[in-house]
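Inspection log for the structure reproduced underneath, given as structure tokens.
Read-outs throughout are calculated quantities, based only on the coordinates presented, and are distinct from any laboratory measurement. If you're wondering where the values come from, they're calculated on a predicted model, not measured in any experiment. FYI the Cβ positions are ideal-geometry reconstructions off the backbone, even for glycines, and counts take in every protein chain you see.
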Amino acid sequence: MNNLLYVLWNPSPDMMHIGPLTLHWYSMCWLIGLLGAYLLMKHLYKQQHIKEELFEPLFLYCFVGILIGARLGHCLFYQPDYFLSSGKHIVEMLLPIHFLADGGWRFTGYEGLASHGGTLGLMIALWLYCRKTKLNIWRVLDNIAIVTPITACFIRLGNLMNSEIIGKVTDVPWAFIFEKVDTAPRHPGQLYEAIVYALLLVIGYALYRKYPQKVGTGFYFGLCLTYIFTARFFIEFTKDIQVAFEASLPLDMGQLLSLPFIAIGIACMAGGKWMKRLGSEK
């Protein structure tokens with residue numbers, strides 16, 4: 001097999017060192033994605049004449065909700081056998097540290113974050129935010145849906161820098177050889193998702209410019225869920241399983257967790273009386 005046809009991929013996951021601390025590319029991608037979403041969301045609030053003081057706490061709610069949800073989602077969906085096996089491992093689930101065999105510990109950052117858990121954590125955080133601010137929850141969810149692809153895109157670029165969530169072996173000419181893993185050419189599943197999410201950002205914002213009156217109806221929220229998790233469902237066919245127990249499942253964990261989000265998304269886009277009972281503006 002001629003490796004010259006493929007992309008040789010072996011970047012360091014470390015972006016820089018500041019004294020004893022290490023800044024990882026993955027963490028930086030998360031931060032860039034959140035900052036991009038923050039700036040676009042602020043623009044949307046201004047366009048819709050929502051009071052600035054109602055915007056300020058939003059970022060904190062989103063950051064905490066996504067982080068807690070993504071971390072717990074990874075630990076409980078993908079590695080419950082490890083993280084629930086001892087008190088120390090439960091601490092590792094909650095704090096960005098790893099206990100060493102000699103009794104010490106080291107700072108690692110949060111090395112496992114799951115997008116499905118992050119989505120669920122975000123939805124809970126936004127419900128709490130709307131209870132606090134009295135804003136219509138569907139207006140907030142629609143606005144969040146327009147900006148979310150920025151964060152999703154950069155998260156997957158972070159996975160790419162970590163050479164994780166790799167694809168199956170393939171002979172397509174754009175295959176990556178993840179040298180930290182093996183020498184086989186594989187689908188760059190992370191890059192597929194990043195491209196899909198970047199396209200959703202363009203599509204969602206273009207629709208918003210044309211149909212701003214749909215904000216508050218749940219349409220953009222439904223579009224975001226349906227698009228992202230449908231794409232995720234099919235892209236999973238190009239990925240290797242992340243944990244061993246997935247080999248015994250008819251679909252992998254990412255696909256199984258995507259199905260309820262797709263169903264919710266379609267229902268929100270369809271609308272109806274049930275949406276109005278939940279506060280939809282139209």
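The stretch 241-282 and the stretch 30-90 have Cα centres spaced 19 Å apart. Tell me the angle of helix 137-161 to the major Cα principal axis of the chain, expressed in degrees between 0 and 90 and rounded to the nearest ten. Between the helix axis and the principal axis of the chain, the angle is about 20 degrees. What does the C-alpha gyration tensor say about the overall shape of the stretch 193-236? Classify as rounded when a/c is under 1.5, otherwise prolate if a/b is larger than b/c, or oblate. Taking the square roots of the gyration eigenvalues as a ≥ b ≥ c, the stretch 193-236 is oblate.
Counting every alpha-carbon pair across the stretch 100-204, the share separated by more than 21 Å comes to 54%.
Residues HIS98, HIS17, arranged from fewest to most other Cβ atoms within 10 angstrom of their Cβ, appear as HIS17, HIS98. The rule of thumb for compact globular proteins, 2.2 N^0.38 Å, goes into the C-alpha radius of gyration of the stretch 156-279 1.27 times. For the residue pairs LYS214/LYS273; LYS180/LYS239; LYS51/LYS132; LYS46/LYS276; LYS46/LYS134, alpha carbon separations beyond 19 Å are given by LYS46/LYS276. When the alpha-carbon atoms of the chain are used, the pair Rg, Dmax equals 19.9, 61 angstrom. For the chain, the longest principal axis of the alpha carbon atoms and the long axis of helix 219-235 meet at an angle near 20°.
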